[in-house]
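So the structure is just underneath, and the comments pick up after that.
The values are calculated or read from the model by the stated rules, or taken from the named source; none is laboratory data. Predicted, not measured: the structure shown is a model, and the values here were computed from it. Note that we place each Cβ from the backbone using ideal geometry, even for glycine, and neighbour counts take in every protein chain shown.
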Amino acid sequence: MDVMLDIECLGVAPNAVILNIAAIGFDPCGTEIYPQHAVYHRVDPESQPDRGIDPGTVAWWAEQCEEAKIEAFGEENRIPLRQALEELAALLWKGSRIWANGVTYDMSILEHAYKGLGMPLPWKYYKVMDARTVYRLCPSEQRLNNNHHALQDCINQAELLQRCFCKLNIRTLDP
């Protein structure tokens, strides 16, 4: 099982405040998405006093649809960053590979957060994969809109990756 992850933040720097964290297990060379292997948390910004907020990103959020803003900024069901990272780690360790849309945004922010809390990274550097590179190998595949709900974005990204691998006739990946 591989894992697709996505985060929503208040910046693009490694120290950005994390709003939402999601990950879901899937078979990259098949069609299965594993909802029983999913993590989704809305993270309490107050639990991140040493992390940063970028005014440009806040302005960008103000331009997003109302549903995305409610999901990103709603106050209910928020948990501390440490708890969200602990639960994410339990899933990431199960993954053969960790996929993200690019490796410099999600992974660098999560790495900074784990290290900032004195927590070990729940992945090996060689397990991190860039889904966007694969998408570019299949330019005719329809891209789904990013709705900025981290779990739904994970599912959309995993499905697009699966379609690309199918189109490229890739049936297996090295473990």
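Annotation: of all residues in segment 28-47 being out of contact with any strand residue (DSSP E or B) (no Cβ under 7 Å at 6 or more places or on another chain) and part of a loop (DSSP other than H, G, I, E, B), the one that is surrounded by the most Cβ atoms within 10 Å (Cβ to Cβ) is CYS29. The criterion of being basic (Lys, Arg) and touching a residue at least 40 places away in the same chain (Cβ under 8 Å) does not hold for LYS115. Can you spot a residue in segment 145-167 that is of a type in the set (Gly, Ala, Ser), part of a helix (DSSP H, G or I) and more than 19 Å from VAL39 (Cβ to Cβ)? Scanning segment 145-167, I find no residue that is of a type in the set (Gly, Ala, Ser), part of a helix (DSSP H, G or I) and more than 19 Å from VAL39 (Cβ to Cβ), so the answer is no.
Among the residues making up segment 40-57, those that are farther than 19 Å from GLY116 by Cα and over 19 Å from the mean Cα position of the chain (by Cα) are PRO55, GLY56. Put simply, of ASP50, ASP54 the only residue that is among the acidic types (Asp, Glu), surrounded by fewer than 15 Cβ atoms within 10 Å (Cβ to Cβ) and over 21 Å from ALA158 (Cα atoms) is ASP50. Candidates ALA62, ALA68: the one that is within 30 Å of LYS94 (Cβ to Cβ) and either out of contact with any strand residue (DSSP E or B) (no Cβ under 6 Å at 6 or more places or on another chain) or touching a residue at least 40 places away in the same chain (Cβ under 8 Å) (or both) is ALA68.
For segment 89-99, a residue qualifies if it is of a type in the set (Gly, Ala, Ser), buried (at least 17 other Cβ atoms within 10 Å of the Cβ) and assigned to a loop (DSSP other than H, G, I, E, B), and exactly one does: GLY95. Of the candidates GLY102, GLY25, the single residue that is surrounded by 21 or more Cβ atoms within 10 Å (Cβ to Cβ), in contact with a strand residue (DSSP E or B) (Cβ under 8 Å, 6 or more places away or on another chain) and not in a helix (DSSP H, G or I) is GLY25. Looking only at residues in segment 18-47 that are without any contact (Cβ under 8 Å) to a residue 60 or more places away in the chain and in contact with a Gly (Cβ under 9 Å, 6 or more places away or on another chain), the one that is nearest to GLU8 (Cα to Cα) is ARG42. Candidates GLU111, GLU86: the one that is under 14 Å from CYS9 (Cβ atoms), surrounded by fewer than 19 Cβ atoms within 10 Å (Cβ to Cβ) and either at pLDDT 95 or above or touching a Phe, Trp or Tyr at 6+ places or on another chain (Cβ under 9 Å) (or both) is GLU111.
Considering each of ILE70, ILE79 in turn, give the residue that is modelled with pLDDT of 95 or more and among the β-branched types (Val, Ile, Thr).
ILE79
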